[in-house]
Amino acid sequence: MSTLQTPPTVNRLAWHDEADVLGVRIRVHFFDPAEADAAPDFVGRQLPILAGSGARLLAPEGLRQPYRAGALLAQPDAVLAHGDGLLCLAYKGGDGRLVQRTLWQARWRVDVMLQCIASAMAVAGQTQKPTAALWRGANLLAQFDPGVAVLECLATNVGAARHYWREPQVVSPAQLAAFCEPQLRSLPGLAASAAGIGSTDRDDSVPD
Amino acid sequence: MIHVQIASQLTSEGVHGVRWVLLEAAEPPPAGPAAEVGAPALPAFAAAGTAPAAEASPEPVGVDSSADSLRLRLQKVLVVALGLGAALWTAAVQIGLPGRAAAAAPGEAASAPADATVPAAPPASAPALDPPATPAPDPAVGPSQAPASAAPPAVRAPAAQTPTAAPVAPPGPPAAPASGGLPRLTASL
């Protein structure tokens, strides 16, 4: 596992909050759902923070293409090309409730987060392109930046999860996430970091 | 191994800050039961119990479950044996051993057929209900048979000898019965 950091110098996106949850850096952007749903294009509706950018869907809207990397088979809700990389987006897994800005960490679902990361791994493995994992809720958009421990745990337990779930050939991101979540919670550093860092609210710097 | 790149930064132009990891390659599908023998085992953490909590529930019945059932059966037998032993010990303390009772009243065997006409008293209450020193004669049964049949074996001998042995009995505090039960509250006059 290696990391190639390319520091973005310009055009930082307007994330409203970010926090570390179980070894994953989460950046969230809150938006008005009525205003986002009124957008004419898919990117404006599902990715309000990237409205007006060059992101485009790889498949027709609503058509879920399968992506496979090894024994990991995923069908993300949408995959978009963005620059020289891809965006793996999930927006059908939420409960549809609005999330308050001050309570989003308390109501965060780790299983959904790990599923999104696993889906992005499948997309990146098949396309061999850098892929970002995104999740869109009722009124927030989240981008996941998984750490080393999370990536290694997901990548090295695909076969074990397949045997555990007694799947003959492939395992889904939901199964892999359910298999890996207890292991990640048992790691001493991750649970402590999730409770220790907390959020860094930047509402004052970002206009709504 | 499959090369996987996950972007850590997102800008309006594209993705940046790539983290890469090697993903396990797909294994060939099992051809049959023989392929399961060569399948890699679960990692140590899964076998140690740190795997998901639902792992223990779908496990089939195996060697561990048969050992547990055998241990449970042995525990059941042990509990039953302890209960039976405690019941026998309690009966021996309260009533007396059957062999000692027969040895204490050897002459009662001859009057056993006549006892069938007399309603038997409950054995547990017999030591507490000590027969009176001068029992009333039953007209249907002989004077020496009625108290003997109602009394337990341990106290039959003194009760049967009451009409003849009462005048020669030495005065004094009543002695406890030989069976170790409650002391007699009545004395022969």
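Just a few scattered comments:
- Among A:Met121, A:Met113, a tally of other beta-carbon atoms within 10 Å of each Cβ gives an order, fewest to most, of A:Met113, A:Met121.
- Per residue Cα convex hull volume in Å³ - calculated over the stretch A:17-196: 112 Å³
- Relative exposure of A:Asp145, A:Asp20, judged by other C-beta atoms within 10 Å (fewest first): A:Asp20, A:Asp145
- Residues whose amide H comes within less than 5 Å of that of A:Ala90, counting only those at least five positions distant or on another chain, are A:Leu134, A:Trp135, A:Arg136 (H built at 1.01 Å from N in the peptide plane).
- Additional length obtainable on full extension of the chain from A:Glu35 to A:Arg109, 0.36 nm per residue less Cα span: 24.1 nm
- Shielding by other protein chains, A:148-156, mean Cβ within 10 Å: 4
- Annotation note: trypsin sites (Lys or Arg not before Pro) in the stretch A:136-172 located in DSSP loop regions with a Cβ neighbour count of at most 14 within 10 Å are A:Arg166.
- Take the Cα of B:Ala86, step 7 Å toward its Cβ, do the same at A:Leu63, and the gap between the two points is 7.6 nm.
- In plain terms, the residue of B:Glu13, A:Glu61, A:Glu181 with the fewest other Cβ atoms within 10 Å comes first and the most crowded comes last, giving A:Glu61, B:Glu13, A:Glu181.
- A:Gln128/A:Asp95 FRET efficiency (R0 45 Å; Cβ-Cβ; nearest 0.05): 0.85
No value in this document is a laboratory result; all are computed from the given coordinates. Because the structure is a prediction, the values reported are computed rather than measured. Ideal geometry is used to build each Cβ from the backbone, glycine not excepted, and the neighbour counts take in all protein chains shown.
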